[in-house]
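A quick write-up on the structure given underneath.
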Amino acid sequence: MNLVALRRDLIVWFQQNARALPWRRQPSPYHTWVSEIMLQQTQVATVIPYFTAFIARFPDVQRLAAAPVDEVLKAWEGLGYYRRARHLHQAAQIIVAAHGGQLPAQEKALLALPGIGPSTAGAIRSIAFGQPAALLDGNVKRVLSRLYDLAENIDRPAGERQLWALAAAWVDPAQPGPSNEALMELGALICTPAAPDCNGCPVQVHCQAYAQHTQYERPVRTPRARIPHRDVVAGVVWHAQQPARFLIAQRPARAMLGGLWEFPGGKTEPGEALSAALQRELAEELGIGVEVGAPLITFDHAYTHFRITLHVFHARHTAGQPQCLDVADWRWVALDELDGFAFSASDRRIIAALAAA
C-alpha cells in the first residue's frame with residue numbers, strides 16, 4: 001500500500017467534502033475539546049445542537065469552570081453519558097487552576113485531565129495544536145480495519161495494539177489534523193458500519209478489504225453478550241399537606257447518572273410486587289413511608305449495557321421526614337419548577353406524563 005498516495009487522496013477528498021460543523025467553523029482548542037468529549041459515543045447529528053447551545057452558555061473555559069455543576073448537567077440534559085459533563089466541568093476547573101486557563105497541548109497534561117483518554121488526547125493535539133498524534137475512535141478503527149483488511153479481533157489487546165500502530169503511522173506530520181479528521185469523516189460518511197459506499201469511496205483503489213471482498217467482515221469484533229433486562233419502579237410522591245407538590249431526589253455523584261434529579265425508586269427484587277418494591281426503595285433511599293396509588297406510566301428504556309421496564313406510580317407521603325440515605329439531595333417541588341433541574345431522558349418522560357395528566 002502506498003501510504004503517501006492514500007493520505008493525499010483522502011485529505012483532498014476531505015478538503016472538498018468536509019461537513020461544515022460548528023466546531024470547525026470557529027476552531028479553537030476549547031471548541032475542539034468540548035466537541036470531542038460530546039462526540040464520545042454520540043453521533044454528530046445529535047451533538048450539533050448541544051454543542052451550539054453549550055458554547056453559547058459557556059463560551060470559554062473560565063465560564064465553564066465557574067459554573068455550578070448542576071448548571072452544566074442541565075446544559076447536558078438529554079445528551080446522555082452524564083459522566084462526560086461532570087468530567088468536563090472538573091477538567092475546566094483544573095485548567096483554570098493549574099494551566100492558566102489554557103487547555104494544555106502536552107500529552108501527559110491532557111491525559112491527567114478527567115474524561116480525556118489516549119484517543120481524545122490525540123484528537124486534541126492533532127486538530128487543535130497541529131501535533132503529529134494518533135487517535136483511535138470508532139470510525140478510525142473501522143476504516144483502518146478495512147483499508148488494511150485486518151483479520152485480528154480489534155476488541156482484543158493484540159488487535160488494538162495493531163490498530164494503534166497503524167493509526168500512528170497514518171498521521172501526516174505536515175497535516176496531522178486534516179489527516180486524522182479525514183479518516184473520521186470517511187468513516188462517518190462513506191465507510192459506514194453496515195453499508196459502506198465502496199463505489200463512492202475516494203480511496204477504494206487503496207482498500208485491501210475491498211480488493212479481497214471482505215469489507216463486510218471487517219472489523220472483526222467479539223459478539224455482544226445478551227443485554228439483561230430489569231424491572232424498575234419510581235414514584236411521584238405527593239406531599240401530604242401540600243397536594244400540588246411532590247418529591248424529587250438527586251442521584252449520588254458516584255452513581256450512574258450521578259448528579260441528575262429523578263423521581264425516586266429503584267430495581268425490583270425477584271418475586272417482589274411492584275408496590276412493595278417502591279415502598280422498600282423509598283424507605284432505603286429517603287427514609288420515608290408512602291401509600292402507593294394508581295400507576296401513571298409504564299415504558300421501556302434502553303441503556304448501554306442493560307434495558308429496563310420502568311413502572312411509575314402515584315404515591316402519597318405518609319411517614320418520615322426525607323433524609324439523604326442513598327441520595328445526594330431532595331426537594332418538594334411543583335410541576336412548573338422542574339425546568340430548573342437536570343433530569344435523565346426517562347424522567348423527562350415521567351414529567352411529560354404528569355403534564356399531560
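Each value in this text was obtained by applying a stated rule to the coordinates, not by laboratory testing. Bear in mind that the values here come from a model prediction, so they are computed numbers and not experimental data. Here Cβ is always computed from backbone atoms with ideal geometry, including for glycine, and neighbour counts include all displayed protein chains.
Round to the nearest 10 and give me the degree value, 0 to 90, for the angle of helix 83-98's Cα axis relative to the longest principal axis of the chain.
So the inclination is approximately 70 degrees.
Grab the other residues whose beta carbon is less than 15 angstrom from that of Val220, score K and R as +1, D and E as -1, and report the net.
On the way: positive: Lys141, Arg142, Arg146, Arg156, Arg161, Arg218, Arg221, Arg224; negative: Asp149, Glu152, Asp155, Glu160, Glu217.
Around Val220, the surrounding residues sum to +3.
Check each of the trypsin sites (Lys or Arg not before Pro) in segment 190-263 and keep only those in coil by DSSP with at most 12 other C-beta atoms within 10 angstrom; list them in order. All intermediate terms of the calculation are to be shown ahead of the outcome.
Values: sites: Arg221, Arg224, Arg226, Arg230, Arg245, Arg254; in loops: Arg221, Arg224, Arg226, Arg245, Arg254.
Passing sites in segment 190-263 are Arg224, Arg226, Arg254.
If you take every residue apart from Ala123 with its C-beta less than 14 Å away from the C-beta of Ala123, what net charge results, scoring Lys and Arg +1 and Asp and Glu -1? Intermediate results must be reported in sequence, preceding the final value.
Numbers: positive: Arg24, Arg125, Lys141; negative: Glu36, Glu107, Asp137, Glu181, Glu185.
Result for the local shell: -2.
Starting from the exponent 0.38 and prefactor 2.2 Å, build the expected Rg for the chain from its residue count and divide its actual Cα Rg by it. Could the numbers behind the result be given before it?
Details: Rg = 24.0 Å, N = 357, 2.2 N^0.38 = 20.5 Å.
Rounded to two decimals, the normalised Rg is 1.17.
In terms of the Cα gyration tensor, with a ≥ b ≥ c the square roots of its eigenvalues, is segment 50-168 rounded because a/c is under 1.5, prolate because a/b exceeds b/c, or oblate?
On the way: a/c = 2.60, a/b = 1.83, b/c = 1.42.
Verdict is prolate for segment 50-168.
Taking only the alpha carbons of segment 229-356, what extent do you get along each of the three principal axes, in Å, biggest first?
Sorted from largest, the Cα extents of segment 229-356 read 39, 32, 31 Å.
Taking the Cα centroid of segment 279-357 and of segment 53-83, what is the distance between the two, rounded to the nearest whole Å?
24 Å
With only Lys, Arg, Asp and Glu charged, each at its Cβ (+1 for the first two, -1 for the last two), find how big the charge dipole of the chain is about the Cα centre; round to the nearest 20 debye. Write down the numbers at each step before the final one.
Details: 33 positive and 32 negative charges, 126 e Å.
My answer is approximately 600 debye.
How tilted is helix 3-17 with respect to the longest principal axis of the chain? Cα atoms for both, answer in degrees (0 to 90, nearest 10).
For 3-17 against the chain, the angle is about 60 degrees.
To the nearest 10 degrees, how steeply does helix 29-38 sit against the main Cα axis of the chain, on a 0 to 90 scale?
It works out to around 60 degrees.
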